[in-house]
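Worksheet: one structure, shown below.
The values are calculated or read from the model by the stated rules, or taken from the named source; none is laboratory data. Values in this document were obtained by computation on a predicted structure and should not be read as measured data. Note that we place each Cβ from the backbone using ideal geometry, even for glycine, and neighbour counts take in every protein chain shown. Note: accessible area is taken over every heavy atom of the protein model, side chains too, but ligands, DNA and RNA are not part of it. Shrake-Rupley method; radii C 1.70, N 1.55, O 1.52, S 1.80 Å.
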Amino acid sequence: MMFKRKIYDRLLRWKEESGRTAILIEGARRVGKSTVAEEFAKNEYKSYILIDFSTAGKTVKGYFEDHMNDPDTLFMLLCGEYKTDLYRRESVIIFDEVQEFPRARECIKQLVKDGRYDYIETGSLISIRENTRGIVIPSEEDSVTMYPLDFEEFCRALGNPQIIEYIRLCFGEKKNLDNGLHKSAMLLFRQYMLVGGMPQAVSRFVETGKSLTAADAVKRRILNLYREDIRKISSPYKSKVTAIYDQMPGLLSRHEKRVIFSDVEGSSIDRYEDTFFWLDDSMICNVCFNCCDPEAGLARNEDRTYVKCYMGDTGLLLSHAFAEKEIEKNSIYSLILNGKLSLNEGMLYENAVAQMLVSSGFPLYFYTHYSEEKHRNDIEIDFLIPESGTLNRMISPIEVKSTTRYSTVSLERFREKFPKRIVRSIVIHPGEFRETEGVLYIPPYMAFCL
């Protein structure tokens, strides 16, 4: 099943300037990179060749090794191998899973300079050090990141694009959704938490008449693929990646979700730097760093002593957190759909918001403050986002609540501590939209509007 993806429009913009650069689509496994690249090639070009380097044999790889500086021969051999004619400025060559053969990526410089055809690359784990060591990364290469379906794409996949425009309108006008549509939007959001945005899982969900069990089976296969990727790591930190990956649901279910390195096998920040680099760069996870002095330009005040690690897809997190039999026995899907699962639901809400912020282009940062007087953290802010178009490095703090009964003590203390740095304070909660005393309360389905 094909879904309309926002990245397609980005590829169209690139094609308008085609000939100047190749474009690399980066993303986690199974987010739909190959599918959208081939669909784009079918629709927008007279012909295309797709070279899947995860299955290509020595013969095809040898073409690039032997004829890197002879494009005439290279193209002749590729046309014969794939039984496809190529047309000047009307054809595209797709280098699929190019991380499996980095040498092909190194050829991009000469191929773009040759100017005959366009080039799309796709790759999982493409920027990890062991996959790029020893090659020259071409400057003639744009890159675009592809994520799982975001909430907008998910609603469209379920045949409900109208509600997205209405949500956006209500957010802009600072008002609630009318006519009970808040409940409908919350139901869509909860489905999004349960299914997630992996295209195969969403496709199975739709094709089976919204069977959560069928979608769960797809997600578990994807989780197994991720584990296989971790097993393939050749570096010494493989065991550490496995440890964090396995502990992720447990870490996120704690009140304080940040990872303290001393809690993990007597580790230190130096020993775990590569671990979180791998998890973040593979896009299996979205890593959230502590900002010790919150202001716009958050990266300048990054403190990597503490990090929070979210799953890149919330639907995968749910299947990772609960065994298949546990989901069936305890009717977990039904409890979440009806908003009655208190245990672990905060973990899912916060992960979903992190996912929505990342897909909207926000890097993830949080804030924590330790009180020497109280001997504990007295401020915990889930997320900080920079506000564009503002002066003096202004930001907005975000707290995520999974129930309608909650405290905002941390947010109040944060506002007292940094009153001149805040544009707006935001609470994301299951209730309806309201604005009170400088705090914006929005339902989670509005998070993409931020």
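Quick rundown of the values:
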read-out: Matching residues, the stretch 27-42, being open to solvent by 20 Å² or more (accessible area, probe 1.4 Å) and touching a helix residue (DSSP H, G or I) at 6+ places or on another chain (Cβ under 9 Å); value: R29, R30, T35, E39
read-out: Among (1) modelled with pLDDT under 95; (2) part of a loop (DSSP other than H, G, I, E, B); (3) closer than 30 Å to M356 by Cα - the single one N131 does not satisfy; value: (2)
read-out: Residue under evaluation Y48, criteria (1) under 30 Å from I284 (Cβ atoms); (2) surrounded by fewer than 16 Cβ atoms within 10 Å (Cβ to Cβ); (3) of a type in the set (S, T, Y); (4) at pLDDT 95 or above, criterion not met; value: (2)
read-out: Inter-residue pairs, beta-carbon under 9 Å, first within 17 Å of K109 (Cα to Cα) and without any contact (Cβ under 8 Å) to a residue 60 or more places away in the chain and in the stretch 67-78, second part of a helix (DSSP H, G or I) and among the β-branched types (V, I, T), 6+ apart; value: H67/T73
read-out: Members of the stretch 4-26 found to be within 17 Å of the chain's Cα centre (by Cα) and open to solvent by less than 30 Å² (accessible area, probe 1.4 Å), listed by number; value: R5, I7, L24, I25
read-out: Residue tally, condition closer than 19 Å to G197 by Cα and open to solvent by less than 20 Å² (accessible area, probe 1.4 Å), over the stretch 218-233; value: 5
read-out: Residue match in the stretch 82-98 (condition: crowded, with 19+ Cβ neighbours inside 10 Å, modelled with pLDDT of 95 or more, under 29 Å from the mean Cα position of the chain (by Cα) and not hydrophobic (A, V, I, L, M, F, W, C)); value: yes
read-out: Any chance A243 is surrounded by fewer than 18 Cβ atoms within 10 Å (Cβ to Cβ), at pLDDT 75 or above and over 23 Å from V195 (Cβ atoms); value: yes
read-out: Selection within the stretch 95-106 - more than 15 Å from E140 (Cβ to Cβ) and without any contact (Cβ under 8 Å) to a residue 60 or more places away in the chain; value: Q99, E100, F101, P102, R103
read-out: Test: residue in the stretch 65-81 that is of a type outside the set (D, E, K, R), part of a loop (DSSP other than H, G, I, E, B) and under 26 Å from the mean Cα position of the chain (by Cα); value: no
read-out: In the stretch 346-401, residue modelled with the lowest pLDDT [restricted to those that are among the hydroxyl-bearing types (S, T, Y), open to solvent by 10 Å² or more (accessible area, probe 1.4 Å) and not in a strand (DSSP E or B)]; value: T390
read-out: Search result, residues across the stretch 250-297 that are at pLDDT below 75, assigned to a helix (DSSP H, G or I) and hydrophobic (A, V, I, L, M, F, W, C); value: F261, I269
read-out: The stretch 402-418 - residue that is part of a helix (DSSP H, G or I) and touching an Asp or Glu at 6+ places or on another chain (Cβ under 7 Å) and, of those, least open to solvent (accessible area, probe 1.4 Å); value: L411
read-out: Residue among I23, I51 that alone is part of a strand (DSSP E or B), without any contact (Cβ under 8 Å) to a residue 60 or more places away in the chain and of a type outside the set (D, E); value: I51
